[in-house]
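The values are calculated or read from the model by the stated rules, or taken from the named source; none is laboratory data. All of these numbers come straight from a predicted model, not from anything done at the bench. With ideal geometry, Cβ positions are generated from the backbone for all residues, glycine too; neighbour counts draw on all protein chains shown.
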Amino acid sequence: MEPETLTQPPESDALACDILSRRAAQVHIYNRFPQTLKEYGLKTSANILSLAMLLGMSPLAAVAADLDIKDPWVRGTVSGQQATGAFMEITSKSGAVLVGAASPAAGVSEIHEMKMDGGVMKMRAIPRLDLPAGKPVVLGPGGYHVMLMSLKQPLKKGDTVPLTLQVEGKDKQVESIKVEAKVRDLTASAAPATEPKH
């Protein structure tokens, strides 16, 4: 028998082999990643975020880290009352926009503004509330606030109401910020002077 003649593989086969080789190398690197970190004395969970930051990736909590939220509280209600307000002070270091709110305690949550119009105090829902860089924005009785409507149950003094604020950062990405607000007395109008800041 004549020996078989080895021929050069077609270009398409060579390309396929090259792709498979690269993928195999990528799988090897991926599987080696935790071991490689250990070889350098690093912890995998603690360094993924560090590596992401070195690669220029934005941390998921970028907007949360930019905000300083003080004294979140909710005014208490009586039986049968269907609405109340949530209040706080928000400061954004680099500038952001409050674009929404939600709470499991209420069926509907909206950002509201109260202001004088023709000698009459009026309240209206607003779609956005600017948070200028470095300037505290007060959400308080008689001004901006989060309106909680269609309440699921009465809110008693000492209860805690979970709130989720929807905040738009400078990159136009919206992030959900979790806040725990304490319920104060029905007649409360401002933060008690003795209450510690958060």
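See the values below:
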item: Near pairs, Cβ below 6 angstrom, 6+ apart or cross-chain, from the stretch 112-140 (in the same structural domain as ALA96 (by TED's automatic domain parsing)) to any residue that is of a type in the set (S, T, N, Q); result: LEU131/SER92; ALA133/SER94; PRO136/THR91
item: Residues that are exposed (fewer than 13 other Cβ atoms within 10 Å of the Cβ) and either of a type in the set (S, T, N, Q) or in a strand (DSSP E or B) (or both), drawn from the stretch 134-159; result: SER150, GLN153
item: Checklist (1) modelled with pLDDT of 95 or more; (2) loosely packed, with under 12 Cβ neighbours inside 10 Å applied to ASP171, failing item; result: (1)
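Yes or no, residue by residue, for (1) modelled with pLDDT of 95 or more; (2) under 30 Å from ASP66 (Cα atoms); (3) out of contact with any Leu (no Cβ under 8 Å at 6 or more places or on another chain); (4) of a type in the set (D, E, K, R):
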| residue | (1), (2), (3), (4) |
| --- | --- |
| VAL138 | yes, yes, yes, no |
| TYR144 | yes, yes, no, no |
| LEU151 | yes, no, yes, no |
| GLY158 | yes, yes, yes, no |
